[in-house]
Amino acid sequence: MSLTSNLFFFFLAVCLLCYYLVPLGRRWIVLLAASCVFYLSFGIPAFLCLVYSTLVTYVTGRVIGQIYERYTDRKESRKRARSVVIIGMVLDFAMLAVLKYTNDILGIFGQILHGNYSLKGLLLPLGISYYTFQTVSYILDVYWKRTEAEKNFLHFALFVSFFPQLVQGPIGRYKTLMPQLTEGHAFRFRNLQFGLMRMAWGLFKSMLLAGWAGLYRRAICADVDHFSGIAVFIVLLYSVELYGSFSGGIDFVLGIAELFGIHLDENFRRPYFSVSLSDFWRRWHITLGTWMRDYVMYPLTLSRWMGKIGKNARKRFGKKTGLLIPMCISSIIVFFLVGLWHGAAFNNIGWGLYNGVIIAGSNLLADSFRKWKTALHINGESKLWKVFTILRTFILVNIGWLFDTTKNFGEALKVIGYSFTRLHPSQFLSIAAGRLGRAYTPTALTILGVGVLLLFFVSLFQERGSCIRERISRCPLVVQVLIFSALLAATALLSPMAAERGFIYAQY
């Protein structure tokens, strides 16, 4: 059941009607039933994977809770609970690893041995990474006593399976999400109003902007040598495609949840206004970044073996640098894992290490950068400097996207070479505008350009603290309906058929 299909909108309308008709204390049952129906629509094997993860995590949490109740000695209880945590995490991650990486690993062997190796029929269940990360965070939170183990299995099943976030996140935390799911929410027109507006904006970004950008990006990537004159536009188109599809999908998901009175965690905060690569990753896929920070980076940095590395570094390089080195190593490991999360292929791992090394290097050289700025009389608070840092970060991010959008490292170098030596924008006219044909390419490019400008100005107003939905909600109802209808009509009438490919991160 695609989120952009007519069937899904009918399903959503039925869910909303049932949710607000049943008694307040029983509304969570409607959400659980809807989540089961939604995930069953993708097949029984996918549903069984979800059930497996739910059972493993629920039992693990309950056993940890019982250990803490039974053993009063802190060391003894921690020791026993740690063993249970390891077993639970291994069982949870094992399913993800087998389903997500088997074909990637076989593909790497195929490249080395010049053969074609893959397991046919091995499909990745929808959103498996998201609910696996969500369940693992729950296990660790129970172990660290940040939350108590959930005793009601059906409540816990809803936490894992809440259907909007199954598609592509955000990765929820038990302590903030669980109460919202089970308490029941009264109908509020404002929730309906704001939810529908956010859904419409998400569809505009994911179907229209990402649709057209993806169509042209794929056409160029299919024959880079032929379209060498516009190779420079590959990463720019991919930036629009990736951001439009992913952030648009998140907006759509958050809008759906808001219809039920549930507020999921924000996952994007205008990342292309970032002033550094670190700042970019605090704004892009926020819930994955905070998950990696809280459950990987901090424990890793505070581990015993990392403490030994830091101690030796302080003796050799001084106190300040010695304190930074463990954090830098942790950053590289974290981004290696983020790359691995995207896939076990060389380009994904290379992309992760690229980001990790730059961020680690920036932290180590921070004092040197400040001295250079002082020596060159650069005002770090000026608007000109801020614009420069935003453009610098944008370029660094786009270089990283080359790992994502090209077939291999050699092709990425080829694209970089063409970007500096060849520029023939007229080659765009030889690419057909989807179902409209080649004659409509100028129109399609104009639609894409106007859409990007609209996204830029909306993001700029938001960056300056303006809430667009709040402003629209103050307008007369007729004006609100006209804006909403115009956005939906533009999305439906002007999007290419490529928009039917769905959200770009749905299979993670």
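The values are calculated or read from the model by the stated rules, or taken from the named source; none is laboratory data. What you see is a predicted model; the values in this text were computed from it and never measured. Methodologically, a virtual Cβ is constructed for each residue, glycine included, from the backbone with ideal geometry; neighbour enumeration extends over all protein chains shown. Note: areas computed on protein heavy atoms with side chains; ligands, DNA, RNA excluded. Shrake-Rupley method; radii C 1.70, N 1.55, O 1.52, S 1.80 Å.
Points worth noting:
- Overall form of segment 158-202 per C-alpha gyration tensor (a/c, 1.5; a/b vs b/c): oblate
- Between the beta carbons of Leu391 and Cys467, assuming R0 = 25 Å, the FRET efficiency works out to 0.40 to the nearest 0.05.
- Solvent exposure of the chain amounts to 50 Å² per residue of accessible area, where only protein heavy atoms count and the probe is 1.4 Å.
- Per the Debye calculation on the chain with a single equal scatterer at every Cα and no solvent contribution, log₁₀ I(q)/I(0) for q = 0.06, 0.11, 0.12, 0.13 Å⁻¹ amounts to -0.32, -1.11, -1.31, -1.49.
- Translational diffusion coefficient (Stokes-Einstein; Kirkwood radius from C-alpha pairs) of segment 6-187 at 20 °C, 1.002 mPa s, in µm²/s: 119 µm²/s
- Paramagnetic label reach from Asn152 (point 7 Å along Cα→Cβ; backbone nitrogen cut-off under 18 Å): within segment 186-206, residues 186.
- Legend: residues His424, His155, sorted from most to least accessible area (1.4 Å probe; ligands, DNA and RNA excluded), read His424, His155.
- Cα convex hull of segment 1-81 - mean projected area over all directions, nm²: 7.8 nm²
- Qualifying lysines (Cα of each under 24 Å from Cα of Lys151; at least 8 residues distant if same chain): Lys79, Lys175
- For the chain, the relative contact order comes to 19 percent (Cα pairs under 8 Å, sequence separation of at least 6).
- Isotropically averaged projected area of segment 199-315, using the convex hull of Cα atoms (one quarter of hull area), nm²: 11.4 nm²
- Those aspartates and glutamates that a straight Cα-Cα span of less than 13 Å connects to Lys407, excepting residues fewer than 8 apart in one chain: Asp223
- Anisotropy class of segment 316-360 from Cα gyration tensor, a/c 1.5 cut: prolate
- Counting only residues at least eight positions apart within a chain, or on another chain, the lysines with an alpha carbon under 28 Å from that of Lys320 are Lys308, Lys311, Lys371, Lys373, Lys386.
- Applying a DSSP loop filter and a limit of 13 other Cβ atoms within 10 Å to the GluC sites (Glu not before Pro) in segment 363-467 leaves Glu381.
- Euclidean distance of C-alpha centroids, segment 448-494 and segment 345-369, integer Å: 36 Å
- Dipole magnitude for segment 6-187: computed about the Cα centre from +1 point charges on Lys and Arg Cβ and -1 point charges on Asp and Glu Cβ, it is near 480 debye.
- Range in the chain, longest, excluding exposed trypsin sites (Lys or Arg not before Pro) [loop by DSSP; at most 14 other beta-carbon atoms within 10 Å]: 189-406
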